[in-house]
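This report concerns only the one structure given below.
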Amino acid sequence: MADPVATRDVRVSPHGTAVTPGARVVQVQKSLMTHNDGVAAANRAAFEGCLVLNIVSSPGSGKTALLERSVRELAGDLRVAVVVGDLETDNDAIRIHAAGAPSVQIVTGTVCHLEAEMVARAVDQLDLAGLDVLVIENVGNLVCPASWDLGEDLRVTLLSTTEGEDKPLKYPRIFKDADAVVINKVDIAEAVGFDRERALDAVAKVSPGTPVFELSARTGEGMDAWLAFVRERLAAKRG
Amino acid sequence: MHEFGLVISMIDLAEEAARKEGADVIEAIHVEIGALSGVVPEALEFAFGGARAGTMAATARLEVTYIPAIAYCATCQSEFELDNRFGIAMCPTCDTPSADLRQGREMHVSHLEVA
Ligand SMILES: Nc1nc2c(ncn2[C@@H]2O[C@H](COP(=O)(O)OP(=O)(O)OP(=O)(O)O)[C@@H](O)[C@H]2O)c(=O)[nH]1
Ligand SMILES: [Mg+2]
Ligand SMILES: [Zn+2]
């Protein structure tokens, strides 16, 4: 399948690549994300009435657990729905549904991230006008989801205490672009020897000024500050 | 990684622009890839080798310009280049971290060579 591509020196000067003398040049100046960004903008317009969060993390950091508990605690006075992306299975949507929120599963197959178009199709199954908060659980992956705008208001990057404190340094882009960072599984922080100072320092270095919420989706510790943040941002969006 | 999907978008953009100019063949696609874009230039080339067959770019070269990451320090009111691959933007003059990234996320088709 892949035949070798003729290239000149890759990673050349910042002054641009050489053009063959005499060649006819056509200017393009377009992002490879043009299509996705267009759909994301349309999503953003459709999401005008509700607050939309895009939750990203490594596999198993506790995205679904955080959403289950958030749904339970917000459901008293807010209408919440969830869109969940996974490579396979609809287990996560079933868990969210059991927690009391409408949920739509996107099975991405081999695609390692959600794209704006997948989200547009999924929200067709929801009554957006009747929602206060829409949460999108992205595919567990710290690399690919970073580049794909889904039309969300807030990008929330989750890190759990079992993953090692230097995650933000290894995956800077997804932490740099985060509007909030959640450190989950603080209930087992001590048992796994989590170095809290180092983790907070790594987040502050890569993403200075970003709010950090330390919590346990299992015990509920620290959830209040996180939920207050969500409510605050919803109020701010609605002016 | 998603370089294959990116390459499909890249060829689409290139074909659209080339057709608009009445060209038949794309001889080269010039792209700009930022240091913090998450795109690996080598993976992009590999994906291009697999995706270009049957398109106007079937024999095209891929020319990649690597764009360094640059941040702005509000204290010193000056820009600086990130000196590490971790995306840490510490001003080399005053040692303040900056969240204001001015360059480095690019994934652009800049221009083509056509015939
Ligand atoms: N101790 C502890 N375990 C947790 C916590 N949150 C989640 N877990 C456990 O971590 C595992 C993964 O949690 P999930 O919520 O499925 O994680 P996820 O990020 O949604 O996973 P993927 O969707 O597969 O990427 C489960 O066994 C959870 O019970 C927590 O705060 N403390
Ligand atoms: Mg999950
Ligand atoms: Zn400075």
Legend entry - Odd one out for residue A:66 among (1) surrounded by fewer than 20 Cβ atoms within 10 Å (Cβ to Cβ); (2) modelled with pLDDT of 90 or more; (3) within 20 Å of the chain's Cα centre (by Cα); (4) over 26 Å from residue A:42 (Cα atoms): (1)
Inset, instruction - Output the residues belonging to the stretch A:216-233 that are surrounded by 19 or more Cβ atoms within 10 Å (Cβ to Cβ) and without any contact (Cβ under 8 Å) to a residue 60 or more places away in the chain. - result: A:216
Legend entry - Where residue B:40 falls short, out of the listed (1) modelled with pLDDT of 95 or more; (2) closer than 25 Å to residue A:113 by Cα; (3) surrounded by fewer than 21 Cβ atoms within 10 Å (Cβ to Cβ): (1)
Inset, instruction - Have a look at B:57, B:71, B:28, B:35 and point out the one that is more than 27 Å from residue B:12 (Cα to Cα), aliphatic (A, V, I, L, M) and touching a strand residue (DSSP E or B) at 6+ places or on another chain (Cβ under 8 Å). - result: B:71
Inset, instruction - Can you work out which of the residues in the stretch B:45-71 that are more than 9 Å from chain A (Cβ to nearest Cβ) and modelled with pLDDT under 95 is nearest to ligand 1 (Cβ to nearest atom)? - result: B:69
Legend entry - Identity of the residue in the stretch A:69-101, closer than 20 Å to residue A:216 by Cβ and near ligand 1 (Cβ under 9 Å from one of its atoms), that ends up nearest to the chain's Cα centre (by Cα): A:92
Legend entry - Condition broken by residue A:160, with the remaining ones in (1) away from ligand 1 (no atom under 14 Å from the Cβ); (2) crowded, with 20+ Cβ neighbours inside 10 Å; (3) of a type in the set (Gly, Ala, Ser); (4) more than 12 Å from the chain's Cα centre (by Cα) satisfied: (1)
Inset, instruction - Name every residue in the stretch A:29-79 that is assigned to a helix (DSSP H, G or I) and closer than 26 Å to residue B:4 by Cβ, in order of residue number. - result: A:34, A:35, A:36, A:37, A:38, A:39, A:40, A:41, A:42, A:43, A:63
Inset, instruction - Could you please let me know if residue A:43 is at pLDDT 95 or above, buried (at least 24 other Cβ atoms within 10 Å of the Cβ) and either within 16 Å of ligand 1 (Cβ to nearest atom) or among the polar types (S, T, N, Q) (or both)? - result: no
Legend entry - Matching residues, the stretch B:68-93, being hydrophobic (A, V, I, L, M, F, W, C), out of contact with any Ser or Thr (no Cβ under 8 Å at 6 or more places or on another chain) and in contact (Cβ under 8 Å) with a residue 24 or more places away in the chain: B:69, B:70, B:82
Inset, instruction - Name every residue in the stretch B:87-109 that is away from ligand 3 (no atom under 11 Å from the Cβ), surrounded by fewer than 18 Cβ atoms within 10 Å (Cβ to Cβ) and at the interface with another protein chain (Cβ under 9 Å from one of its Cβ atoms), in order of residue number. - result: B:99
Inset, instruction - Go through the stretch B:6-44 and give me each residue that's more than 23 Å from residue A:171 (Cβ to Cβ), more than 7 Å from chain A (Cβ to nearest Cβ) and of a type in the set (Asp, Glu). - result: B:12, B:15, B:16, B:24
Inset, instruction - Considering (1) within 15 Å of ligand 1 (Cβ to nearest atom); (2) surrounded by fewer than 23 Cβ atoms within 10 Å (Cβ to Cβ); (3) within 13 Å of chain B (Cβ to nearest Cβ); (4) over 30 Å from residue B:95 (Cβ atoms), say which one residue A:192 fails and leave the rest. - result: (3)
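The values are calculated or read from the model by the stated rules, or taken from the named source; none is laboratory data. Keep in mind that this is a model prediction, so the values were computed, not measured. Heads up, the Cβs are rebuilt from the backbone with ideal geometry, glycines too, and the neighbour counts pull from every protein chain shown.
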